[in-house]
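The values are calculated or read from the model by the stated rules, or taken from the named source; none is laboratory data. The structure presented is a predicted model; accordingly, all values stated were derived computationally and were not measured. Cβ atoms come from the backbone with ideal geometry, glycine included; neighbour counts cover every protein chain shown. Accessible surface areas use protein heavy atoms only, side chains included; no ligands, DNA or RNA. Shrake-Rupley method; radii C 1.70, N 1.55, O 1.52, S 1.80 Å.
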Amino acid sequence: SIVLHLLPGALTTILFIIIAPKLNSLGYPSNFAFLLAGIFVLVPFELGFLFYQGKKRNGALSLNGIVLYRKPMSLWQYVILGSVLLLYANFVLVIVYPTIAQALIRNLFSWLPDWFFLSLRLEYSKSILLTTALFGLAVNGFVAPITEELYLRGYLLPRISRFNMWAPVFNGVLHSLYHFWMPWQVPGLLLSLLPAAFVVWWKRNIYLGMIIHVVGNALGSTLTLIAILS
């Protein structure tokens, strides 16, 4: 379980490290390299593994019995729980944690090259910034979070359900550590992810996790796009 949690993030980071300097020298931000790594490694690995398991179990490319936690929930629960969890996650990541992240970068990760820090600076052409932002909205806003929720909460979390209330804790910790490409964000991700992982486990419903993940990521990508356009 530990390997299955961490391997997609490790492989994605390796490809990112390989291609980011080259793309940087060609005038593309490292964000673009990360998005390519997500599309060519993270998403194929996680979806491919799920469908491989489905093929073994069902004899067809099916996720039946592989992706679990699909228990129905009422609309009001989606709205209330989703809103509370989304507000909490944004409060942690946008209000509380940035100062801590900057301190960690300054004191622990300043040795990393500039391209390792994902940012869309104005030194890039507007067309490249817009292309990267739109690509980010598609990949980071929708494709990657849906894939991650299927894999991490729909498959891996049920596999460790024998740990009862500790299962979402382990899942949240490993999901946070899996972000090897941004180690300074791991504590903040852990604080923001744990409640959502717990609620998904409690309600046995991965769709709630998908909604929170997609809305949070898509909102951030949309704000980036608006900033570039303005």
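Points worth noting:
- Highest mean packing first, where packing is the average number of other Cβ atoms within 10 Å per residue, the peptides 87-94, 99-106 line up as 87-94, 99-106.
- Charge sum, other residues only, whose C-beta stays under 15 Å from ASN205's C-beta, Lys/Arg counted +1 and Asp/Glu -1: +4
- Largest to smallest in accessible area, the residues ARG162, ARG70 fall in the order ARG162, ARG70 (1.4 Å probe, all protein chains included).
- Residue-wise HN-Hα coupling along region 161-170, computed from phi with Karplus coefficients 6.51, -1.76, 1.60 (Hz; x: Gly, Pro): 5, 4, 7, 6, 5, 7, 4, x, 5, 4
- Take PHE135: with every protein chain present and a 1.4 Å probe, its accessible area is about 50 Å².
- Those lysines that a straight Cα-Cα span of less than 28 Å connects to LYS55, excepting residues fewer than 8 apart in one chain: LYS71, LYS203
- Residue-wise HN-Hα coupling along region 9-16, computed from phi with Karplus coefficients 6.51, -1.76, 1.60 (Hz; x: Gly, Pro): x, 5, 5, 4, 5, 4, 5, 4
- For region 127-201, the spread of Cα positions along each principal axis, largest first, Å: 50, 25, 18
- 3J(HN,Hα) along region 218-230: 5, 5, x, 5, 5, 5, 4, 4, 5, 4, 5, 5, 8 Hz, from the Karplus curve 6.51 cos²θ - 1.76 cosθ + 1.60 with θ = phi - 60°, whole Hz, x for Gly and Pro.
- Degrees between helix 97-108 axis and first principal axis of the chain (Cα, 0 to 90, nearest 10): 60
- Remark: region 4-108 is approximated by an ellipsoid whose semi-axes, taken from the C-alpha gyration tensor as √(5λ), come to 31, 27, 12 Å, largest first.
- Maximal additional length on extending the GLN53-TRP166 stretch stands at 38.2 nm, based on 0.36 nm per residue less the C-alpha distance.
- Packing order of peptides 49-60, 216-227, highest average first: 216-227, 49-60 (average count of other Cβ atoms within 10 Å over each peptide's residues).
- Evaluated over the Cα positions of the chain, the convex hull gives a direction-averaged projected area, one quarter of its surface, of 13.3 nm².
- Most mobile of LEU61, LEU129, LEU35 in a GNM of the chain (Cα contacts under 10 Å): LEU61
- Pairwise Cα distances in region 168-211 exceed 14 Å in 46 percent of cases.
- Cα centroid separation, region 81-137 to region 185-230 (Å): 14
- Candidate cross-link partners of LYS126 among the lysines, defined by an alpha-carbon separation under 26 Å and a same-chain spacing of 8 or more, comprise LYS22.
- Label-to-label distance, TRP202 versus ALA227, with points set 7 angstrom from Cα along the beta-carbon direction: 3.3 nm.
- The residues of the chain have, on average, 50 Å² of accessible surface per residue, using a 1.4 Å probe with all protein chains present.
- Relative contact order %, the chain, counting alpha carbon pairs below 8 Å whose residues are six or more apart: 33
- Taking only the C-alpha atoms of region 106-230, Rg followed by Dmax gives 16.5, 52 Å.
- Residue with peak Gaussian network fluctuation, the chain [Cα springs, cutoff 10 Å], from PRO21, PRO72, PRO195: PRO72
- For the chain, calculated [θ]222 nm from helices alone, where every DSSP H run of n ≥ 4 adds -39500 (n - 2.57): -21000 deg cm²/dmol
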